[in-house]
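Accompanying notes for the structure given below.
Every number here is computed from the coordinates shown, using simple stated rules; none is lab data. If you're wondering where the values come from, they're calculated on a predicted model, not measured in any experiment. We place every Cβ from the backbone using ideal geometry, glycine too, and count neighbours over all the protein chains shown.
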Amino acid sequence: MADIVSTVVANYNYWIYITLMMIGLYAIIAKNNLVKKIVGMNIFQTAIILFYVSIGVKKGATIPILEHAHGGHGYGVVHAAEYANPLPHVLMLTAIVVGVATLGVALALAIRVYNEYNTLEEDEILAQIREE
Amino acid sequence: MSSQYPALIVAVPLLAGLLVFIAGWVNKKWCFPIAVAALGISAYSSIGLLFRVINEGVIVYKMGGWDPPMGIAYYVDHLNGLVLVVVSVVAFLNAIASKRSIEDEFPDNIGAFYSLYVLMVTGLLGIVVTGDAFNLYVLLEIAALTGYGLIAMGGGRGPLSALNYLYMGTIGACFYLLGIGYLYIMTGSLNMVDIARILPDLYQSKAVMAAFIICMVGVWIKMAFFPLHAWLPNAYTYAPSASSSLVAPLVTKVMIYVMIRLILTVFTPEFSFNILAVSQPIVWLAVIAIVMGALLALKERNLKKMLTYIIVAEVGYMVGGAWLGNRVGMTGAILHIVNDALMTLCVFMAVGNIVYKVKGADFEDLQGLFRKMPFTMGAFVVGAMSMIGVPPTCGFFSKWYLISGAIQAGHYGFMVALVFSSLVNVVLFFRIFEICYYEPFSDDHGHGDEHGHHPEPAMDEAPVTMLVPLFVIAVILVLVGLYTGDIVNQIIDVAIPKGLV
């Protein structure tokens, strides 16, 4: 039992991202309102961004910028262990942009759906489609 | 010049996509020539590139001169050289063919439409040409986001279908990204060749297996593999004809290319088929996909929707063929990417012509079409024959390879499913032919005609700009069928690693 607890606590970042992901997935599947679904989708994406950010983090590490590098008294040797890995964070800048673009497109589509059916509730829309 | 082909393939349509949008404000007449010119340059570059690859072998293009694995490199080998040609040629032909229907359906949004169209092709070509796993994700989203826009332009049920596609597409892309994240944790690299170099020592690792499976699920959602297909039929049916004949042939096929790339290059066939030991259940899933796709198609009373369910079945063909785990099956799957893209384009373009003239694709609208639109229907018959698998059209040959692969692997369930689906296709298409040929044209006077025969409907064919590309693609279907031997020997055989027998 203590084993499991320590594994969970040691890898808490993974548990958080999985929980968030499942919340998002639940909203996409179970919610009736289209905008709530869109919010769920955004939570889903954010969970993965969080996952990427957390894997670049190191204990006691600093940002990957050389101190006084141009002054002549900079560090002679760069120790990778002292710096956080910037690559996953940089990747996530792109993923955030993609997420925002997806959110924008989704909301634009939701407006078009609303103009068509005058509602954003999925069951009401489906009822209208069945009537046609 | 020719050394820059890999960059030109993506860069020209990307810049043209922005230019078209601006041109749309100034003068709508400029949009079409710019878009077609850009797609033409892409098609020309990719054909040139394929011949260079056949003669010289794999081409590595370093973006900005940065060496991989730090920089992003574009790799062109026989596999993606072939897919590049298919994607760019399909997009080019469809752009020419759909000019009139675009002007007809949304005259106010021509600039926006062509901009999305060209950007979507950019995304698809980028997915195929890139050698960087994260770059692939970004291009995947470019292709997907523009695709949602293209589908939603139809109005009516289009936006709702596009929104449902968007939920599923985003989940699929996120799964792919998550899988790449696990691979990055394990290997510290995003370059596909570099990952493939580091991975073999880690094949027993649970994280690598999880990465592979998560990537696969993501790609399956994107390609509408059977239980995950729910978004596809509505999205493709309610899209305007010009979009659906771009999206339907290309998106699923490009995603199958990504799956094969993951199996063959990023991982090895040894890992995918032997260490993981999930091929059997996946081929059975493909069997279910084929059977269900065929059955669901039978139930539809709308030509376009029927065709979308056939796509679901065709995806099953290719996933099954790739996962049979032998060389013949993999050859069939790769050949079917080419053939299915071409024949789907052919039938969807024919449907585009029909919708342009008849304003509908329900079965009732199709009556008497052989008399009314003989040329369109002639090309449609060629496409339908290819879908059924009648020689010498290309559909026969890839199906032949798939069935041979199934027999070689001893997987008779898959073989039976392929034959079953071909038979169902016969029923589906001959039912359409019957309606179009025998049933009278539902014109104004059917009952009151005292002579007891129906008036000959006048020929009312689609414009020449729509017919010529349709004929070109119908001829290509036969030509690809006749040259199957060369394509397999010169290109596909080289593309599959020696380890896979």
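Before moving on, here are some points about what is shown:
- The residues of the stretch B:150-161 that are crowded, with 24+ Cβ neighbours inside 10 Å and over 18 Å from the mean Cα position of the chain (by Cα), listed by number, are B:ALA152, B:GLY158, B:PRO159, B:LEU160, B:SER161.
- Boolean, A:VAL35 is away from chain B (no Cβ under 14 Å) and assigned to a helix (DSSP H, G or I): no
- Selection status of B:VAL347, under 16 Å from the mean Cα position of the chain (by Cα), without any contact (Cβ under 8 Å) to a residue 60 or more places away in the chain, part of a helix (DSSP H, G or I) and surrounded by 24 or more Cβ atoms within 10 Å (Cβ to Cβ): yes
- Among the candidates B:PHE370, B:PHE380, residue that is touching a residue at least 60 places away in the same chain (Cβ under 8 Å) and within 18 Å of B:GLU461 (Cα to Cα): B:PHE370
- Hits in the stretch B:186-197 (condition: over 12 Å from B:THR265 (Cα atoms) and surrounded by 15 or more Cβ atoms within 10 Å (Cβ to Cβ)): B:MET186, B:THR187, B:SER189, B:LEU190
- The stretch B:306-344, residues that are farther than 22 Å from B:TRP231 by Cα and within 14 Å of the chain's Cα centre (by Cα): B:ALA333, B:ILE334, B:LEU335, B:HIS336, B:VAL338, B:ASN339, B:LEU342
- Just one of (1) more than 9 Å from chain B (Cβ to nearest Cβ); (2) without any contact (Cβ under 8 Å) to a residue 12 or more places away in the chain fails for A:MET92. It is (2).
- Of all the numbered requirements in (1) more than 14 Å from chain A (Cβ to nearest Cβ); (2) part of a loop (DSSP other than H, G, I, E, B); (3) free of Cβ contacts under 8 Å to residues at least 12 places away in the same chain, B:MET70 misses one, and that requirement is (1).
- Test: residue in the stretch B:236-243 that is in a helix (DSSP H, G or I), of a type in the set (A, V, I, L, M, F, W, C), farther than 23 Å from A:ILE28 by Cα and away from chain A (no Cβ under 14 Å): yes
- Checking each residue in the stretch B:141-166 for being closer than 29 Å to B:VAL208 by Cβ, touching a residue at least 40 places away in the same chain (Cβ under 8 Å) and within 9 Å of chain A (Cβ to nearest Cβ) picks out only B:ALA144.
- First in the stretch B:50-67 and free of Cβ contacts under 8 Å to residues at least 40 places away in the same chain and under 21 Å from B:ASN191 (Cβ atoms), second anywhere and loosely packed, with under 14 Cβ neighbours inside 10 Å and of a type outside the set (A, V, I, L, M, F, W, C), Cβ under 8 Å, 6 or more apart: B:LYS62/B:GLY71; B:GLY64/B:GLY71; B:GLY65/B:GLY71
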